[in-house]
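Working notes, structure below.
The values are calculated or read from the model by the stated rules, or taken from the named source; none is laboratory data. Given the structure is predicted, the values throughout are model-derived calculations rather than measurements. So basically every Cβ, Gly included, is an ideal-geometry build from the backbone, and we count neighbours across all protein chains shown. Note: accessible area is taken over every heavy atom of the protein model, side chains too, but ligands, DNA and RNA are not part of it. Shrake-Rupley method; radii C 1.70, N 1.55, O 1.52, S 1.80 Å.
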Amino acid sequence: MEAEPAKYLEKVDESIAALQRPFYPLERCIVSGEKLGSMGKPLELIHGNRLVRLCCAGCVKKFDADAASFLSKIDEAVVEAQGESYPLDFCLVSGDKLGGDMGDPIDVTIGNRLYRVCCKGCIRSLHETPLKYQVMLDDVLAGKQVKRPEGSGSKGQAKAYGVHKDGDH
């Protein structure tokens, strides 16, 4: 790998794009507004382990100049595209009911996928082990039964596991 890092990074980027492509929420270039595909095959850029689809190579510099703003717009599109059909009524991290005692759920986007959690403490846990929760969400979407996390529905239990700490809500 050390001898040819670009070769391996290209394969990693291809894998990231393949995993995220089905969940990409936009049909238009986030930079130009042009319909993806209207200028040939869309350019797929991996930015911080995140798939971004652009209409052409000319949009890369503009994207890079304000990546945070463009990613925020993609996040909004993810929530809009996946929010209504989000399949869970409980937090994948703590097991607590979404919208219950914890208040309104918090929408988090990882890899162009929507995850809903009950509090800020769960956001940290979600970011620490995203693949664990991706597998759980994939299982739900595939129609499999998913067991709620240990201590589900109990703020006391969740605090004992270090998920819900004072100030997380």
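Output yes when any residue across segment 63-81 is outside any helix (DSSP H, G or I) and in contact with a strand residue (DSSP E or B) (Cβ under 9 Å, 6 or more places away or on another chain), and no when none is. Reasoning before the result, please.
Pass one, segment 63-81, residues outside any helix (DSSP H, G or I): 66.
Add one more test, that the residue is in contact with a strand residue (DSSP E or B) (Cβ under 9 Å, 6 or more places away or on another chain), and what stays is none.
Looking for residues that are outside any helix (DSSP H, G or I) and in contact with a strand residue (DSSP E or B) (Cβ under 9 Å, 6 or more places away or on another chain), one finds none in segment 63-81, hence no.
Residue under question is ARG116, and the condition is that it be outside any helix (DSSP H, G or I), within 22 Å of LEU9 (Cα to Cα) and modelled with pLDDT of 95 or more; does it hold?
On the way: outside any helix (DSSP H, G or I): yes; within 22 Å of LEU9 (Cα to Cα): no; modelled with pLDDT of 95 or more: yes.
Against the criterion (outside any helix (DSSP H, G or I), within 22 Å of LEU9 (Cα to Cα) and modelled with pLDDT of 95 or more), ARG116 does not qualify.
What number of residues within segment 1-33 are under 24 Å from the mean Cα position of the chain (by Cα) and part of a loop (DSSP other than H, G, I, E, B)?
Start the filter on segment 1-33 by keeping residues that are under 24 Å from the mean Cα position of the chain (by Cα), which leaves 8-33.
Applying the additional criterion that residues be part of a loop (DSSP other than H, G, I, E, B) yields 24-27, 29-33.
Adding up the residues that qualify gives 9.
Hey, ASP107 hits all of (1) touching a helix residue (DSSP H, G or I) at 6+ places or on another chain (Cβ under 6 Å); (2) more than 28 Å from HIS47 (Cβ to Cβ) but one; which does it fall short on?
Looking at each condition in turn, ASP107 falls short on (2).
Please work out which residue is most open to solvent (accessible area, probe 1.4 Å), limiting yourself to segment 101-119 and to residues that are touching a Gly at 6+ places or on another chain (Cβ under 8 Å) and over 23 Å from ARG53 (Cα atoms).
First pass over segment 101-119, keeping only residues touching a Gly at 6+ places or on another chain (Cβ under 8 Å): 105, 107, 114, 118-119.
Imposing the further condition that a residue be over 23 Å from ARG53 (Cα atoms) reduces the set to 105, 118-119.
Values: PRO105: 54, CYS118: 4, CYS119: 2 Å².
Ranking the candidates gives PRO105 first.
Restricting segment 125-169 to residues that are in a loop (DSSP other than H, G, I, E, B) and charged (D, E, K, R), which is modelled with the highest pLDDT? Before the answer, list the steps.
Taking segment 125-169 first, the residues in a loop (DSSP other than H, G, I, E, B) are 129, 142-154, 161-169.
Those still in the list that are charged (D, E, K, R) too: 144, 147-148, 150, 165-166, 168.
Working: LYS144: 87, LYS147: 78, ARG148: 78, GLU150: 67, LYS165: 51, ASP166: 47, ASP168: 52.
Checked segment 125-169; the qualifying residue modelled with the highest pLDDT is LYS144.
Of the residues that sit in segment 2-22 and are open to solvent by 60 Å² or more (accessible area, probe 1.4 Å) and among the hydrophobic types (A, V, I, L, M, F, W, C), which one is modelled with the lowest pLDDT?
ALA3
Does VAL52 satisfy the condition of being at pLDDT 95 or above and in a helix (DSSP H, G or I)?
On the way: at pLDDT 95 or above: yes; in a helix (DSSP H, G or I): no.
Judged against the criteria, VAL52 is not a match.
Can you tell me which residues in segment 63-80 are open to solvent by 60 Å² or more (accessible area, probe 1.4 Å) and more than 21 Å from CYS122 (Cα to Cα)?
Keep residues of segment 63-80 that are open to solvent by 60 Å² or more (accessible area, probe 1.4 Å), which gives 64-66, 68, 73, 76, 80.
Within segment 63-80, ASP64, ALA65, ASP66, ALA68, LYS73, GLU80 meet the criteria.
Filter segment 34-57 for residues that are open to solvent by 70 Å² or more (accessible area, probe 1.4 Å) and aliphatic (A, V, I, L, M); which is nearest to the chain's Cα centre (by Cα)?
If we take residues in segment 34-57 being open to solvent by 70 Å² or more (accessible area, probe 1.4 Å) and aliphatic (A, V, I, L, M), then ALA57 is nearest to the chain's Cα centre (by Cα).
For the subset of segment 125-136 comprising residues that are closer than 15 Å to SER94 by Cβ and touching a residue at least 24 places away in the same chain (Cβ under 8 Å), which member is surrounded by the fewest Cβ atoms within 10 Å (Cβ to Cβ)? Working first, answer last.
Quick first cut of segment 125-136, residues closer than 15 Å to SER94 by Cβ only: 125-129, 132-133, 136.
In the following step, the residues that additionally are touching a residue at least 24 places away in the same chain (Cβ under 8 Å) were identified as 125-126, 133, 136.
On the way: SER125: 21, LEU126: 21, TYR133: 23, MET136: 19.
Filtering segment 125-136 for residues that are closer than 15 Å to SER94 by Cβ and touching a residue at least 24 places away in the same chain (Cβ under 8 Å), the one surrounded by the fewest Cβ atoms within 10 Å (Cβ to Cβ) comes out as MET136.
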